[in-house]
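Shown next, in structure tokens, is the structure this report addresses.
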Amino acid sequence: MKIVYIDLDGVIADFDKGKSEHPLGKVSPYIGRPDKLPGIYENLDPIEGAIDSVNKLLNSQYKIFFLSTAPWDNPDAWTHKRLWIAKYFEEKLIKKKLILCHHKQLLIGDYLIDDREWNGAAQFTGDWIHFGSERFPKWESVLDYLNVK
């Protein structure tokens, strides 16, 4: 069974919207470091089409894991990411399938769906599906590529 890792922020969860709407988003020391905003990861809206698409993947021929980076100096983010996926996905499909890691290139798998090249995504030894790129602008193109209906 092929393994697919799915990033959270910018792929499933709308981090850009969350940081622009956060009440402390324009306050020092958070300017330029929105990942440190208190509670930023707790209530992010899903990206359009993400929940349905991930549910299709969770019920497909692939083995799915969520692979995200949580800021080291915002420990609440680690908990909030776990609670966020539990809010949107069926517990039996996601239990113990969240990996928080700053070095994504160290994981072994077939596909990584990620919107940014940072934290090892560009060096991932499987196939990096660059979400939001010209080739994979939306979830529909990702599902087509993975042949998931």
Within segment 1-38, the residues that are assigned to a loop (DSSP other than H, G, I, E, B), open to solvent by less than 30 Å² (accessible area, probe 1.4 Å) and at pLDDT 95 or above are ASP7, LEU8, GLY10, VAL11, ILE12, LEU37
Give segment 93-123 a look and list any residue that's touching a residue at least 60 places away in the same chain (Cβ under 8 Å) and over 14 Å from LYS2 (Cβ atoms), or say none. ILE99, LYS104, ASP114, ASP115, ARG116, ALA121
Within segment 75-89, can one find any residue that is more than 15 Å from ASP9 (Cα to Cα) and touching a residue at least 40 places away in the same chain (Cβ under 8 Å)? no
Do we find a residue being part of a loop (DSSP other than H, G, I, E, B), under 22 Å from ASN59 (Cα atoms), modelled with pLDDT of 95 or more and not aliphatic (A, V, I, L, M) anywhere in segment 108-119? yes
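Can you tell me which residue in segment 52-64 is farthest from the chain's Cα centre (by Cα), limited to those that are open to solvent by less than 40 Å² (accessible area, probe 1.4 Å) and within 18 Å of ASP114 (Cβ to Cβ)?
Of everything passing the filter in segment 52-64, TYR62 is farthest from the chain's Cα centre (by Cα).
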A careful count of residues in segment 70-104 that are in a loop (DSSP other than H, G, I, E, B) and surrounded by 12 or more Cβ atoms within 10 Å (Cβ to Cβ) gives 7
Please work out which residue is nearest to GLY132 (Cα to Cα), limiting yourself to segment 10-68 and to residues that are out of contact with any strand residue (DSSP E or B) (no Cβ under 9 Å at 6 or more places or on another chain) and among the hydroxyl-bearing types (Ser, Thr, Tyr). SER53
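The values are calculated or read from the model by the stated rules, or taken from the named source; none is laboratory data. Keep in mind it's a predicted model, so treat the numbers as computed, not measured. All Cβ positions, even for glycine, are placed from backbone atoms using ideal geometry, and neighbour counts span all protein chains on display. The area values use the complete protein model at the heavy-atom level, side chains included, leaving out ligands, DNA and RNA. Shrake-Rupley method; radii C 1.70, N 1.55, O 1.52, S 1.80 Å.
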